[in-house]
Amino acid sequence: LQDKASLAVYEYDASLFQGRPDVVAFPTDTQQVARLVRLANRGRVPFLARGAGTNLSGGTAPTRGGIIMDLCRMRRILEIDVNNQTALVEPGVYNLALQNALAPLGYYYAPDPASQKVSTLGGNVGENSGGPHCLKYGVTSNHVLGAEVVLPNGEVVWFGGAAADAPGPDLMGLFVGSEGTLGIATKILVRIMRQPEHVVTILGIFQSLEEAGQTVSDIIGQGIIPATLEIMDNLVIRAVEASVKAGYPEDAEAVLIIELDGLADGMDEQAQRIEEICKANNVVSVRRAKDNAERAELWAGRRGAFGAVARLRPSYLVCDGTVPRTKLPDALRAVKEVSRKYGLPIGNVFHAGDGNLHPLILFDGRIPEELQKVHKAGTEILEAVARLGGTISGEHGIGTEKLREMRLIFREEDLEMMRRVKRALDPEELCNPGKLVPPPEQEAVAGHA
């Protein structure tokens with residue numbers, strides 16, 4: 001694609017950053033990707049790979065024009081090996097498509113971002129995506145065993161492999177979460193798991209966001225590790241109910257979704273202990289999903305939360321930060337203070353079990369003054385997260401949106417080490433340039449778009 005109208009579709013992702021490519025290509029296999037990368041190197045043209053464009057930090061919009069390689073045509077599930085509990089997929093496979101292919105076999109893939117209907121596994125690898133079940137099962141890096149990668153010079157290599165403890169440096173650990181700056185994955189080998197024997201989903205209704213957060217700390221403090229612990233506040237609850245009718249009471253200040261999975265033996269007792277902890281924290285009501293249909297309804301509300309808030313304002317910025325669980329009340333108070341300071345509504349929906357906050361700053365992008373406030377508010381929330389001993393990204397990445405905020409948690413010496421790794425693999429700075437790691441302080445830092 002080269003015409004202006006078609007290229008406009010690729011100017012943006014799900015963040016606020018925009019940048020237009022010069023051309024969009026649609027490779028269908030590894031060799032075509034490698035040829036495109038070698039061609040870009042000959043002409044010193046920047047390039048980046050793109051999946052479904054659901055990135056929330058500007059990772060899939062170009063900073064210097066160049067080539068976008070849309071991997072949507074590389075969407076085959078190449079192999080499902082239940083005996084070795086692995087699956088080999090291409091990067092354009094949707095997360096949910098893999099789940100649907102595994103379900104009839106009694107298996108599943110654990111990372112389950114809320115965007116799983118539309119996010120690709122290649123993008124999940126680039127961002128090291130998590131999801132509600134990452135509390136118990138970990139994030140993408142815990143479930144990717146290996147990958148075929150086209151390096152920034154066009155060379156094709158394999159990182160990792162089916163063996164659990166491959167010798168040598170952990171190159172997969174370096175690659176997962178590098179946001180497409182160190183190469184392009186063209187095949188991905190993932191770990192799959194047996195579906196749990198039994199699942200119990202519990203909904204707790206609270207009149208205080210702080211009491212819901214305290215419940216989370218108390219559950220884990222009792223040595224119980226549920227599969228999920230998810231919280232939504234009143235603003236998000238009302239948006240969800242207007243959108244998908246998940247059955248959340250609109251007058252609740254917070255809802256807590258708790259899910260247990262595993263062996264049926266002992267699970268009822270564990271669920272009872274959780275319900276007692278909820279009652280000790282003044283829960284208004286607590287109930288268990290009576291069947292899979294009700295469970296799916298509860299989860300439809302959580303997974304549809306980001307889309308639902310569009311009913312409240314035309315645009316939103318997601319601040320993705322993580323704090324120690326015990327600091328959640330402090331972080332929520334800081335978010336509330338930022339909301340008051342800038343006069344912007346902020347909804348909270350988050351992976352409470354691991355302290356991963358997703359404050360949604362709602363605004364109207366047609367009003368320039370609001371957009372300026374949004375960027376300031378987002379920075380102040382991340383500053384508060386850093387002060388509380390947290391980090392500025394739990395799973396949405398850095399991209400272009402948080403380049404300046406990287407200095408909240410890293411020293412210049414730390415950032416320079418990251419730049420050295422980048423230069424070792426991409427000396428020409430052509431592979432998704434201007435993302436993840438800010439330039440040295442003496443250089444102009446890319447601003448928000």
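Quick one: Gly399 ticks every box in (1) out of contact with any Gly (no Cβ under 6 Å at 6 or more places or on another chain); (2) at positive phi except a single one, so which number is it?
Every listed condition holds for Gly399 apart from (1).
Name the single residue that is farthest from Val156 (Cα to Cα) among those in region 37-74 being surrounded by fewer than 24 Cβ atoms within 10 Å (Cβ to Cβ) and among the charged types (D, E, K, R).
Looking at residues that are surrounded by fewer than 24 Cβ atoms within 10 Å (Cβ to Cβ) and among the charged types (D, E, K, R), I get Arg64.
Taking into account only those residues within region 368-397 that are β-branched (Val, Ile, Thr) and under 23 Å from Arg238 (Cβ atoms), which is surrounded by the fewest Cβ atoms within 10 Å (Cβ to Cβ)? So that I can check it myself, show each step before the final result.
Of all residues in region 368-397, those β-branched (Val, Ile, Thr) come to 374, 379, 381, 385, 391-392.
Then keep just the ones that are under 23 Å from Arg238 (Cβ atoms); that gives 374, 381.
On the way: Val374: 23, Ile381: 26.
Going through the qualifying residues, I end up with Val374.
Of the residues in region 91-106, how many are more than 19 Å from the chain's Cα centre (by Cα) and in contact (Cβ under 8 Å) with a residue 40 or more places away in the chain? Quick ask: steps written out before the conclusion?
Kept after step one, since they are more than 19 Å from the chain's Cα centre (by Cα), are these residues of region 91-106: 100-106.
If we keep only those that are in contact (Cβ under 8 Å) with a residue 40 or more places away in the chain as well, we get 102-103, 106.
Adding up the residues that qualify gives 3.
Quick one: what pairs do we get from region 263-287, first residue farther than 14 Å from Gln214 by Cβ, second loosely packed, with under 12 Cβ neighbours inside 10 Å, C-beta under 6 Å, 6+ apart or different chains?
Hits for this filter: Leu263/Glu197; Ala264/Glu197.
For residues that are assigned by TED's automatic domain parsing to the domain that holds Asp291 and modelled with pLDDT under 95, tally how many sit in region 165-210.
Summing the residues that are assigned by TED's automatic domain parsing to the domain that holds Asp291 and modelled with pLDDT under 95 in region 165-210 gives 3.
Within the set of pairs 6 or more residues apart or between chains, which connect a residue that is free of Cβ contacts under 8 Å to residues at least 40 places away in the same chain inside region 3-23 to a residue that is part of a loop (DSSP other than H, G, I, E, B) with Cβ atoms less than 7 Å apart?
Going by the 7 Å Cβ cut-off, the qualifying pairs are Leu7/Leu1; Leu7/Arg20; Leu7/Pro21.
Take the conditions surrounded by 23 or more Cβ atoms within 10 Å (Cβ to Cβ) and among the hydrophobic types (A, V, I, L, M, F, W, C) and apply them to Val93. Does it pass? Show your work before the answer.
Values: surrounded by 23 or more Cβ atoms within 10 Å (Cβ to Cβ): yes; among the hydrophobic types (A, V, I, L, M, F, W, C): yes.
When the stated conditions are applied, Val93 passes them.
In region 239-260, is there at least one residue being surrounded by fewer than 22 Cβ atoms within 10 Å (Cβ to Cβ), on the phi > 0 side of the Ramachandran plot and of a type outside the set (Gly, Ala, Ser)?
yes
If you go through region 8-46, how many residues are modelled with pLDDT of 95 or more and assigned to a helix (DSSP H, G or I)?
14
For region 107-150, enumerate the residues that are aliphatic (A, V, I, L, M) and without any contact (Cβ under 8 Å) to a residue 60 or more places away in the chain. Give the steps one after another, and end with the answer.
Quick first cut of region 107-150, residues aliphatic (A, V, I, L, M) only: 110, 114, 118, 121, 125, 135, 139, 144-145, 147, 149-150.
Scanning region 107-150 gives Val144, Leu145, Ala147, Val149.
Just checking, which of Val323, Val349, Val318, Val338 is over 24 Å from Gly301 (Cα atoms), touching a residue at least 60 places away in the same chain (Cβ under 8 Å) and of a type in the set (A, V, I, L, M, F, W, C)? Outline the logic, then answer.
Values: Val349 fails: over 24 Å from Gly301 (Cα atoms); Val318 fails: over 24 Å from Gly301 (Cα atoms); Val338 fails: touching a residue at least 60 places away in the same chain (Cβ under 8 Å).
After applying the criteria, what remains is Val323.
The values are calculated or read from the model by the stated rules, or taken from the named source; none is laboratory data. Computed from a predicted model, the values in this text were never measured in an experiment. Because the Cβ atoms are built from the backbone with ideal geometry, glycine has one as well, and the counts that use them run over all protein chains shown.
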